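The values are calculated or read from the model by the stated rules, or taken from the named source; none is laboratory data. In this text, all values refer to a predicted model and were calculated from it rather than measured experimentally. For neighbour counting, all protein chains shown are included, and Cβ atoms are generated from backbone atoms with ideal geometry for every residue, glycine included.
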Amino acid sequence: GILGMEHGNWNRDDAFTVMQDFLSRFDEIDAVWAADDDMAMGALAAIDQADRSDEMWVVGGAAMKEMVKRIMEGDPQVPVDVTYPPAMAATAIEMTALRYVANIPVSGEFIIGSVLVTPENAEDYYYPDSPY
């Protein structure tokens, strides 16, 4: 089951602190899901510092080059990642414009596809010159 859920505030340092807390509270952790790769990197740093890297894997989101590189290298601790689709921001802007410019009510669910980055396709998502 799920052991806990805390906010990492989309920040590597905050996620590091959250993960340190989880590591001190739970003797067994199988996996960590972070809503963003920056937070995943903070969690990974805390796990490494606690010398528990062999115990769990970490999945994030955004396909940051640090995470994609680990997938390309076959790091068992980072088996996959998920992209943030470029359409995510465009869809949000479009929905906001419809609501406030055209006064059209907006409701419902909007599913925007993401790509699962795996060892088989990671090279397609690795941009070494990217700032992220």
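Some notes on this structure:
- Within the range 53-79, the residues that satisfy the criterion of being surrounded by 15 or more Cβ atoms within 10 Å (Cβ to Cβ) and part of a loop (DSSP other than H, G, I, E, B) are 53, 55, 56, 60, 62, 63, 64, 75, 77, 78, 79.
- Checked against the criteria, residue 73 counts as closer than 22 Å to residue 118 by Cα, out of contact with any strand residue (DSSP E or B) (no Cβ under 7 Å at 6 or more places or on another chain) and not basic (Lys, Arg).
- Within the range 34-68, tally of residues that are in contact with a Pro (Cβ under 8 Å, 6 or more places away or on another chain) and over 20 Å from residue 4 (Cβ atoms): 1
- Cβ-Cβ under 7 Å pairs, at least 6 apart or on other chains, the range 113-128 side closer than 10 Å to residue 72 by Cβ, far side surrounded by 12 or more Cβ atoms within 10 Å (Cβ to Cβ) and of a type in the set (Asp, Glu): 117/81
- The residues on offer are 65, 69, and the sole one that is touching a residue at least 40 places away in the same chain (Cβ under 8 Å), farther than 14 Å from residue 17 by Cβ and under 13 Å from the mean Cα position of the chain (by Cα) is 65.
- For the range 84-132, taking the residues that are of a type outside the set (S, T, N, Q) and touching a Pro at 6+ places or on another chain (Cβ under 9 Å), the one that is surrounded by the fewest Cβ atoms within 10 Å (Cβ to Cβ) is identified as 113.
- Only listed residue being modelled with pLDDT of 95 or more, surrounded by 15 or more Cβ atoms within 10 Å (Cβ to Cβ) and not small (Gly, Ala, Ser), chosen from 25, 12: 12
The rows are residues; the columns are (1) modelled with pLDDT of 85 or more; (2) out of contact with any strand residue (DSSP E or B) (no Cβ under 9 Å at 6 or more places or on another chain); (3) not in a loop (DSSP other than H, G, I, E, B).
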residue: 84; (1), (2), (3): yes, no, no
residue: 88; (1), (2), (3): no, yes, yes
residue: 93; (1), (2), (3): yes, yes, yes
residue: 97; (1), (2), (3): yes, yes, yes
residue: 110; (1), (2), (3): no, yes, no
residue: 127; (1), (2), (3): yes, yes, no
residue: 132; (1), (2), (3): yes, yes, no
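- Condition met for residue 71 (in contact with a Pro (Cβ under 9 Å, 6 or more places away or on another chain) and modelled with pLDDT of 95 or more): yes
- Residue among 1, 74, 42 that alone is within 20 Å of residue 120 (Cβ to Cβ) and not aromatic (Phe, Trp, Tyr): 74
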